[in-house]
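First the structure, in the form of structure tokens, and then the observations on it.
The values are calculated or read from the model by the stated rules, or taken from the named source; none is laboratory data. All figures in this text were calculated on a predicted structure; none of them were measured in a lab. A quick note on method: Cβ atoms are made from the backbone with ideal geometry, for glycine too, and the neighbour counts reach across all protein chains shown. To get the accessible areas, we keep the full protein, side chains included, count just its heavy atoms, and leave off ligands, DNA and RNA. Shrake-Rupley method; radii C 1.70, N 1.55, O 1.52, S 1.80 Å.
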Amino acid sequence: MKNIYLLGECMIELMNTSVNTMKQSFAGDVYNTAVYLKRTFPQTNVHLVTAVGTDRFSQNMIACFKDENIQSDLVFQSKNKTPGLYAIDLDENGERSFTYWRENSAARQVMQHIDDAAIAQLSQGDMFFFSGISIAVIEPHARAGFWQMVDQLIQAGVQIVFDPNYRPRMWSSADEAQTQFKLAFAKASTVLPGIDDFEQLFAIDTAQGVIDFLAPYPITELIIKNGPASLIVVKQNLNDGHPQEIQVSPVKHVVDTTSAGDSFNGVYLGAKLNGINDLEAINMAAQSAAYVIQHKGAIVDKSGFEAFWQAQF
């Protein structure tokens, strides 16, 4: 069985169900990716790498991981920290905005818990996934240790996958984010950006601009999410590769775009880990993302999603 380790933060999610009532659940970009990967490719061992607290919310969160069949052997528990929290506000087009409370998040200190034994376990994996949010959450002084760990995984032959997922408010400056993202580009063999990430951080607003920017890096697989219109795929050497644009069927009734990219990532990586060819993997991922954005919340109802998946694939 294939093993993927995903490092990041799972948070307490709040969403209005009425003016004075909110629904509580759990979500976070890397966790969302793990959920959709495991739901679609249950034969894959999916491990979440994060830190939570010992409070009731943390206990419920770990139980939620178990319910989704996500392995939590590298989910560490802090004695004096708690999970982060965020609230979602949706506009009439399903576009979301967030309010965060994550200063005391246990996930910020995840590198304190990762020792030689944990790195040895990670080194046995087939794939290691992290995002721009994963890096931003880690305390700045601990990021050097994170990059040293990634280097060890590369030396062990683990495939490194990075989704930029840029959130300006999580960084002290754009320069700080650019420095960290460039380190990620230098180490990842697969990169899964959206054009909006590059537009916000690097003032690059075209797929060709993204390809040209990333060409000096040793990336062998680039999947660019070009908004709702298409996906651009470049394989092998970005200097010599021929970009392939894949059109995406538009979704007429968008409810919530919170987990569009996360669900795409999870299904795509699951498909690739299980030997499915590029075009079919992208088709599976795009159709899954289209289903997810027609429902509220980052993690859609499990039974409904499984019924969709079985009907389509």
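Odds and ends about this structure:
- Label zone (LYS302, point 7 Å along Cα-to-C-beta; backbone nitrogen cut-off 12 Å) within segment 65-94: 65-70.
- Across the accessible surface of the chain, with the other protein chains kept in place and a 1.4 Å probe, carbon and sulfur atoms take up 48 percent.
- Working from the Cα coordinates of segment 136-227, the gyration tensor eigenvalues give, after taking √(5λ), semi-axes of 21, 18, 10 Å in decreasing order.
- Percent antiparallel among DSSP beta bridges (both partners in the chain, rounded to 5): 45
- Partners of LYS252 within straight-line reach, counting lysines whose Cα lies under 24 Å from its Cα and excluding those fewer than 8 residues away in the same chain: LYS225, LYS296, LYS302.
- Remark: the PHE98-ASN80 segment gains 3.9 nm on full extension, using 0.36 nm per residue and subtracting the alpha carbon distance.
- Restricting the trypsin sites (Lys or Arg not before Pro) of segment 1-103 to loop positions (DSSP other than H, G, I, E, B) with no more than 10 neighbouring Cβ atoms within 10 Å leaves LYS79.
- Once the C-beta distance of GLN148 and ASP91 is scaled by a Förster radius of 35 Å, the resulting FRET efficiency is 0.25 to the nearest 0.05.
- Local electrostatic count, THR206, Cβ distance below 10 Å [Lys/Arg +1, Asp/Glu -1]: -3
- For a modelled paramagnetic label at ASP67, 7 Å from Cα along Cα-to-Cβ, the residues of segment 22-49 in reach, with backbone nitrogen under 13 Å, are 24-27.
- Each peptide in 302-308, 280-286 gets a packing score, the mean of other Cβ atoms within 10 Å over its residues, and the list from highest to lowest is 280-286, 302-308.
- Segment 46-158: Cα Rg divided by the 2.2 N^0.38 Å rule of thumb: 1.16
- Extending 7 Å from the Cα toward the beta-carbon at both SER173 and ASP205 defines two label points whose distance is 2.5 nm.
- The per residue volume of the convex hull around the alpha-carbon atoms of segment 137-191 is 74 Å³.
- Prolate/oblate/rounded call for segment 211-281, Cα gyration tensor, a/c under 1.5 rounded: prolate
- Once all protein chains are placed together, ASP91 keeps about 70 Å² accessible to a 1.4 angstrom probe.
- Structure-based [θ]222 nm, the chain - -39500 (n - 2.57) summed over DSSP H runs of at least 4, per residue, nearest 500: -12000 deg cm²/dmol
- The packing ranking of peptides 123-135, 4-16, highest mean first, is 4-16, 123-135, where packing means the average number of other beta carbon atoms within 10 angstrom of each residue.
- Peptide ranges 107-116, 144-153, 45-54 listed from the most packed, as the mean C-beta count within 10 angstrom indicates: 45-54, 107-116, 144-153
- Ellipsoid semi-axes in whole angstrom, largest first, where each is sqrt(5λ) of the Cα gyration tensor of segment 125-281: 23, 19, 16
- Taking segment 78-226 and dividing mean pair separation by its residue count, relative contact order in percent (alpha carbons under 8 Å, at least six apart): 17
- Evaluated over segment 1-97, the count of Lys pairs having alpha-carbon atoms less than 27 Å apart is 9 (only pairs 8 or more residues apart or interchain).
- ALA156-LEU279 pseudo-label distance in nm [points 7 Å out on the Cα-to-Cβ vector]: 3.7
- Cα gyration tensor, segment 110-162 - rounded (a/c under 1.5), prolate or oblate: oblate
- Computed FRET value (nearest 0.05) for HIS113 with GLN310, which takes r as the C-beta separation and R₀ as 30 Å: 0.20
- The mean sequence distance of close C-alpha pairs (under 8 Å, at least 6 residues apart), as a share of the length of the chain, puts its relative contact order at 17 percent.
- Virtual spin-label span in nm between HIS141 and GLN121, 7 Å along Cα→Cβ: 2.6
- For segment 202-241: rounded, prolate or oblate by the Cα gyration tensor [a/c cutoff 1.5]: oblate
- Residue-normalised accessible area of the chain, given per residue in Å² at a 1.4 Å probe: 43
- Rel. contact order, % - alpha carbon contacts under 8 angstrom, at least six apart, segment 123-205: 34
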